[in-house]
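The values are calculated or read from the model by the stated rules, or taken from the named source; none is laboratory data. Note that the coordinates shown come from a computational prediction; the quantities given were computed from them, not determined experimentally. Note that each Cβ is placed from the backbone with ideal geometry, even for glycine, and that neighbours are counted across all protein chains shown.
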Amino acid sequence: MQSVRYGELLRSNINFRRLWFGQIISELGTWFSFIAELGVVSLLSGSVWATMALLVSRLLPVLLIAPLAGVLVDRASRKRILITADLVRALIALGFLTASVGAPVWLIVIFSGLMSAATTFFEAAKNASIANMTTRQEMLTANVLMFSTRFLQLTLGAALGGVTAAKFGYNTAFVINSMSFVASAAFIWKIPGAVMRSGSEFNEGEASSEQVAKQSRNRFLEDVREGLAYIRDTPFVRAIILVNVGWATGGGMNNLIFDRISRHELATGAGASGDWNMAALTTAAGAGLFIGMVLARRAGAWASDERRANHFIGWSLLVHGLCFATAGLMPSLISMSLWLAVSRLILGAEFGVQETLMMRAMPDEYRGRVFTTDRALELTTMTLSMIVAGALMKWASPRAMMLVSGTLSASPGLVWLLAMWRTRFSVPAGAVRESYSS
């Protein structure tokens, strides 16, 4: 896959640049808030079940909201969805401040769930829009920038979130998060809504919100079935979704494992909260993902035909899971963080290429529904994985669960390679080759 340079994309594509700037700001606030939310729940309860409830609340709403979000993104104004989601998230972020005035832990869990629901709409609209805001040669670079800066923000946000929680308290993180969403909405407001769609299939001036709502009510189930039928009948898209679901059987355990290791195995000294350890592990994961995404352009250039792309996806998934399992054997925070970073580096490079191949392979009218279905199934599996992990931790140590998580995360790579060798399954030429014309 050929791709333009980062500077060229940012200089020539002002609309993508605005969307990217907005994400940089909002993602930093999000990871500030994530560390603070975990800390508040630990402070109010200290129970593994309370932590698990918080993490589940960030995943479960996606299953419930994704079908509606997918249909709305494919039918309504993506610009309006993005701005509305940002402003709603800004308000929800301030809800976490109630923890400082005696709010119960269950209310914090509810706010986290509402934040996840609003984010589902934002992510669906953003992912569906990128392919239309960029050319075929800009698409991989755009994905790399979007996701690498997200993972960089995870790295910086987790680290700074840990510092902020320790030095200034959790409320500061929550206020920063709210302000970041307002800033993101301001950047997106400057983007013409028409550039977020393919051709002239949708005109913002022709469909009022009332008309869109009526259309959604009348055609909702039909649109959902149409999207599912497309996934069923498109082998490559179906395979990628199944791979992501397979990864989630192990990946869903990660945050719960990190929290338990940070606060119970690595925390030292009486009264140690483990915030620094959690920030270190999250930072290592984010740093690895960031570097991996930066390398995705090189990986995409190497995966220049169907055979190479097949091998890249399969081996990357397999090796990254084995590296994650190895991290569970490490005796110290530093060595564990290093292996975790290597695992995430490989995963980041694979994800950048995978996401671009998906965007190239799909027509615009299905992107919203396919991406939300993929995300919903993945997060549902992650939720179930987390629940199982929470139950198993009564008998198994967090390190043992890390071995289980890595092994499960590696298994889709093995299945992919076996399918490639035994059934001649392949990435479609139109997703890889530059000479392809849609």
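Brief remarks on what is shown
- Phe21 being touching a helix residue (DSSP H, G or I) at 6+ places or on another chain (Cβ under 6 Å), aromatic (Phe, Trp, Tyr) and within 22 Å of Phe151 (Cα to Cα): yes
- Residue in segment 25-43 that is of a type in the set (S, T, N, Q), assigned to a helix (DSSP H, G or I), at pLDDT 80 or above and farther than 21 Å from Thr84 by Cα present: no
- When segment 44-61 is filtered for residues that are at pLDDT 75 or above and not polar (S, T, N, Q), the ones remaining, listed by number, are Leu44, Trp49, Ala50, Met52, Ala53, Leu54, Leu55, Val56, Arg58, Leu60, Pro61.
- Matching residues in segment 134-163 - criterion: being surrounded by fewer than 20 Cβ atoms within 10 Å (Cβ to Cβ) and at pLDDT 80 or above: Thr135, Arg136, Gln137
- Test: residue in segment 370-383 that is in contact with a helix residue (DSSP H, G or I) (Cβ under 6 Å, 6 or more places away or on another chain) and more than 30 Å from Asn132 (Cβ to Cβ): yes
- Between Thr84, Thr30, Thr51, the distinction of being surrounded by fewer than 17 Cβ atoms within 10 Å (Cβ to Cβ) and polar (S, T, N, Q) belongs to Thr84 only.
A quick yes/no check of all residues on (1) assigned to a helix (DSSP H, G or I); (2) surrounded by fewer than 22 Cβ atoms within 10 Å (Cβ to Cβ); (3) at pLDDT 90 or above; (4) hydrophobic (A, V, I, L, M, F, W, C):
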| residue | (1), (2), (3), (4) |
| --- | --- |
| Arg238 | yes, yes, yes, no |
| Leu256 | yes, no, no, yes |
| His264 | yes, yes, no, no |
| Phe290 | yes, no, no, yes |
| Met293 | yes, no, no, yes |
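- Screening the candidates Gln211, Gln215 for the property of being surrounded by 15 or more Cβ atoms within 10 Å (Cβ to Cβ), modelled with pLDDT under 80 and either under 20 Å from Thr373 (Cβ atoms) or of a type in the set (S, T, N, Q) (or both) yields one hit, Gln215.
- In the set (1) modelled with pLDDT of 90 or more; (2) surrounded by fewer than 17 Cβ atoms within 10 Å (Cβ to Cβ), the condition left unmet by Arg308 is number (1).
- Set Gly413, Gly406, Gly348, Gly328: member being in contact with a Lys or Arg (Cβ under 8 Å, 6 or more places away or on another chain) and touching a residue at least 12 places away in the same chain (Cβ under 8 Å): Gly328
- Looking across segment 59-80, the residues that are under 19 Å from the mean Cα position of the chain (by Cα) and surrounded by fewer than 23 Cβ atoms within 10 Å (Cβ to Cβ) come down to Leu60, Pro61, Leu63, Leu64, Ile65, Pro67, Leu68.
- Within segment 313-339, if we keep just the residues that are touching a Phe, Trp or Tyr at 6+ places or on another chain (Cβ under 7 Å) and in a helix (DSSP H, G or I), the residue that is nearest to Pro398 (Cα to Cα) turns out to be Ala327.
- Val427 falls short on exactly one of the conditions (1) part of a helix (DSSP H, G or I); (2) closer than 24 Å to Leu145 by Cα; (3) β-branched (Val, Ile, Thr), and that condition is (1).
- Among the candidates Arg80, Arg89, Arg75, residue that is of a type in the set (D, E, K, R) and more than 14 Å from Glu123 (Cα to Cα): Arg75
- Restricting segment 317-373 to residues that are of a type in the set (Lys, Arg) and buried (at least 24 other Cβ atoms within 10 Å of the Cβ) leaves a set whose member that is modelled with the highest pLDDT is Arg344.
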